[in-house]
Amino acid sequence: GAGDAATTRAKKGRRSPSMAKRVAGLQKSAVARMSDRPLELLIGNRIGVRALFHATARMYQPSKAADFSGPIEFTLETPHGPEVWTIDCQPTGAKAHRGESPDAQLRLDAGIANFLRIGVG
């Protein structure tokens, strides 16, 4: 019925745990095989960096953060210069936005390739 169609549409946007694990493995493998320059060119543009930070915020799991909450500021060196982003971590989730945070609890500076390698383990 109509409810079944709505449930099917809602599930389409989600990955099963096994699919998510396979995608993570492919990402890790791709990042491990690439040298810095191709990674910088692939992800180091404004669209790639924005997608990276929004994806990072979506992966945040408050239950694994102990009692931490607050903004984390990231400065990534990219081919077009430094990109500053903040991820605000709260007990209900995290949101990313471009720009500095005057009350950052942590600040991290890294090259985009190293940041990606840390992110995929």
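Among the residues examined, residue 68 does not qualify as free of Cβ contacts under 8 Å to residues at least 60 places away in the same chain, outside any strand (DSSP E or B) and within 21 Å of residue 31 (Cβ to Cβ). Selection of the range 81-96 for residues being in a strand (DSSP E or B) and open to solvent by 40 Å² or more (accessible area, probe 1.4 Å) yields 82, 88, 90, 95. Counting only residues that are within 29 Å of residue 32 (Cβ to Cβ) and open to solvent by 40 Å² or more (accessible area, probe 1.4 Å), the range 63-80 holds 6 of them. For the range 110-118, the count of residues that are touching a Phe, Trp or Tyr at 6+ places or on another chain (Cβ under 8 Å) and farther than 27 Å from residue 41 by Cα is zero.
State which residue is nearest to residue 97 (Cα to Cα) when the search covers only the range 35-56 and only residues that are open to solvent by 70 Å² or more (accessible area, probe 1.4 Å) and of a type in the set (A, V, I, L, M, F, W, C). Here the answer is 47. Condition check for residue 48 on (1) part of a helix (DSSP H, G or I); (2) touching a strand residue (DSSP E or B) at 6+ places or on another chain (Cβ under 7 Å); (3) free of Cβ contacts under 8 Å to residues at least 40 places away in the same chain: one failure, at (2).
The values are calculated or read from the model by the stated rules, or taken from the named source; none is laboratory data. Predicted model, so just to flag it, every value in this text is computed and none were measured. Here the Cβ is made from the backbone with ideal geometry for all residues, glycine too, and neighbour counts use every protein chain on show. What goes into the accessible areas is simple: the full protein's heavy atoms, side chains included, and nothing from ligands, DNA or RNA. Shrake-Rupley method; radii C 1.70, N 1.55, O 1.52, S 1.80 Å.
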